[in-house]
């Protein structure tokens, strides 16, 4: 019975995804500018959150450095924006973040997880201080002006990054590496004894996730005409993906997407009405989610669904 | 020449005294209560703002206000542990799971406390002047408030050390730090002790905040930097070692003073370099197990 | 050439010598028993071989190559696999995934997905867990979890297998099944070192036994030699040898 349902499910889902993708790709043609801008923000947070979940989800190593990699991407865009075409700049932004993450990983992922958390937590503040010092003492000016690009271009670039990320995340998850990452999260010592080079795998996956965060930063920099260290290295960008992933649920790939979409929209909605309250509210939601929603929204829905479908059979 | 060295050295101790205090606080919270409180800086900020408020509104001497700011922040920390973290501990599948979820809960607290402060006091910098006159120490000039700060930091550290070493409650805390389960079996009310430890950590943060506000300007976003510094200090001193955090704080303060003398603005970078060296060579730190 | 050689292997925990200047040799294809009272250092020896721990001094050679100081994954890929006293499996992952991991990352790292799954399925059959291949590992009985761990270790295609108290906590039927499984593993020409407290199994199956006490080797030889050695009886066996044999 299940197998029949399973066979007809697959092409249906793929078809649905394709339809959604096409409508998203063509949306600048029919949707309002405001919607396109909002969608860009949503995809930005989806990219950061899914990247974050790609590493921290299976392994359990909680990275608090998302803002650092995003900021590196922003600054790459700011520094190279005039010199090179945007696609190159985005790739370089991703590459620099990748290298930074390799360094961080090589340093901390050989040790207990707590060092990783502490190091990544301070990384944002470190980069902020360093670049501030650099700008005051070496370049002489604070902040940079970024060459602007049309909203539609930014949207498409972010959409393409999103698609590439989803393909990467899907491939990793369903490959032997995804299995290995999961086993590292389950029991790292046992994984090492099954022949898995745990440090290398953790570090490379962490670096891949950082790559996409850097690329996203490089793209978004073009939306702000002026950036400075405080704008680029904002702890909120480390906080939001964690909140979105926890709220959405980290078990499946679409959990973080739902979380990101919900919270980006919420942020847009609240930032205009309650500019000082929205961070407070998000903080409260984070605490509540950790207390009461350990498996996230997706987990909750799965549990409810299970309960409903089980009770159906219980009656017979 | 000697004057300059003395200058830098004593400035280092002044900075280090504050670092030592806040690091001991974080060490209590992580080493004993097992909560990596990344919102530690926000508690420091609260201590600073309560003192500022009491001084500018009610003319209360900042050193005296420690009697209020410290305990107030202690109570907040204690209640938070009793409600939030005790509950989290009960529902966590393993100690590792609790460490992760409690840390994330602190991340949420960070934004809650910081933004409540912004809503109450506004986002801009505040400051006040207290004992700002210079004092002559062996040829070098230091602000009186800084010397007083150092004195108080040392005094608090000493009192706390005696508390841990000599009193019954202190022994219970040390037992809980070694082995919570065994301590529980020995009749120690583990939930109460852990909550007290977390509270004591917040107390140190409150005191630290007060002392900071005497010498420096404050703003609601000041906490993050201090949290990062405290994290580096507890790694330097050795995770789980409270005396290590104290020594590490003094050491790092010294480093900060030297770096500020050579190249101001790079102190956090220097701290991170030390962090990286530690991770490469001796992650267990000076006094770590 | 012996498949495994240890010379002067020493490990300290604080001030205590868990393993003290140990020399040992294991010949290819043999089944070596490793016994001794609790705390004798047996599991520590395994940890030193598999690189879960690093020795303070001494060398360990596998197939003539020095493996001291290598990382655990490297040693696994060279052909050494082990199980743990506390049954280290991947609790939330299904049984098949637990095993296929070794097929992917063990001695043959370039395995295609189809080959790996096929090997894993065969191994599940070999240990008798085919029925449970989709069950999460945490839902298995202890005996089955131990079989799962063994299957997972075998998936890495070891030439040397270290079994750490696989019979602990099993009833007599399960012990007999475990003994039978071990002999089938031997048929695959895999060298085995077995830590065990179940004397019946050790005495009946092992060709050679090594006895540790306080981290030192106090006897080595055939089961008969060991069972009759005065030193061993003094320290450890007592009446157990007669009860078990």
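Nothing in this text is a laboratory measurement; each read-out follows from the coordinates by a stated rule. Here the structure is a predicted model, which is why all the values come from computation and not from measurement. Cβ atoms come from the backbone with ideal geometry, glycine included; neighbour counts cover every protein chain shown.
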Degrees between helix A:33-59 axis and first principal axis of chain A (Cα, 0 to 90, nearest 10): 70 degrees
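In peptide B:270-278, how many Cβ atoms from other protein chains are near each Cβ within 10 Å, on average? Before the final figure, lay out the partial values.
Details: counts 0, 3, 8, 1, 0, 7, 5, 0, 1.
Mean number of neighbouring Cβ atoms from other chains: 3.
Going by average Cβ density within 10 Å per residue, which order do the peptides B:116-127, B:63-74, B:233-244 take, highest to lowest? Write out the running numbers ahead of the final one.
Values: B:116-127: 14.3, B:63-74: 19.8, B:233-244: 24.7.
For the peptides B:116-127, B:63-74, B:233-244, the packing ranking is B:233-244, B:63-74, B:116-127.
Hey, what number do you get for chain B at 222 nm if only DSSP H runs of n ≥ 4 count, each worth -39500 (n - 2.57), divided across all residues, to the nearest 500? Mind dumping the intermediate values first?
Working: 12 runs with 214 residues, N = 289.
It comes out at -25000 deg cm²/dmol, rounded to the nearest 500.
Let me know the mean shielding of A:275-281 by other chains, meaning the per-residue number of their Cβ atoms within 10 Å of its Cβ.
That works out to 4 on average.
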The stretch B:249-265-the stretch B:7-44 distance, computed between alpha-carbon centres (Å): 16 Å
Viscosity 1.002 mPa s, temperature 20 °C, Stokes-Einstein D of chain B from Kirkwood C-alpha radius, µm²/s: 112 µm²/s
Candidates B:42, B:225, B:99, ranked by Gaussian network fluctuation over chain B, Cα under 10 Å, top entry: B:225
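Taking Cα pairs under 8 Å and at least six residues apart, what relative contact order does chain B come out at, in percent? Please list the in-between numbers first.
Working: 480 pairs, mean separation 113.4, N = 289.
Relative contact order of chain B: 39 percent.
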Among beta bridges that DSSP assigns inside the protein assembly as shown, antiparallel share in %, nearest 5: 65 percent
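Give me a single rounded figure for A:173-186: the average over its residues of other chain Cβ atoms within 10 Å of their Cβ.
Taking the mean over all residues of the peptide, I get 4.
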For the stretch C:1-66 versus the stretch A:16-49, the gap between their alpha-carbon centres in whole angstrom: 60 Å
Residue with peak Gaussian network fluctuation, chain B [Cα springs, cutoff 10 Å], from B:50, B:113, B:18: B:113
Among A:27, A:77, A:150, residue whose mean-square fluctuation peaks in a GNM of chain A (springs only between Cα atoms under 10 Å): A:150
Packing-based ranking, highest mean first, of B:259-269, A:204-214 given that Cβ atoms within 10 Å are counted: A:204-214, B:259-269
Value of relative contact order over the stretch A:65-106, rounded to a whole percent, pairs C-alpha under 8 Å and six or more apart: 46 percent
Rounded to 10°, Cα long-axis angle of helix C:113-127 versus longest principal axis of chain C: 50 degrees
Whole-percent pair-distance distribution, where bins are 20 Å wide, for the alpha carbons of the protein assembly as shown: 13, 40, 34, 12, 1
Rg/Rh ratio calculated on Cα atoms of the stretch A:32-235 (Kirkwood radius): 1.00
Rel. contact order, % - alpha carbon contacts under 8 angstrom, at least six apart, the stretch A:32-235: 47 percent
In degrees, nearest ten, helix A:2-25 long axis to first principal axis of chain A (Cα): 20 degrees
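Taking only DSSP H segments of four or more residues, each worth -39500 (n - 2.57), what value at 222 nm results for chain C once the sum is divided by all its residues, to the nearest 500 deg cm²/dmol?
Values: 9 runs with 89 residues, N = 245.
So the calculated ellipticity at 222 nm is -10500 deg cm²/dmol.
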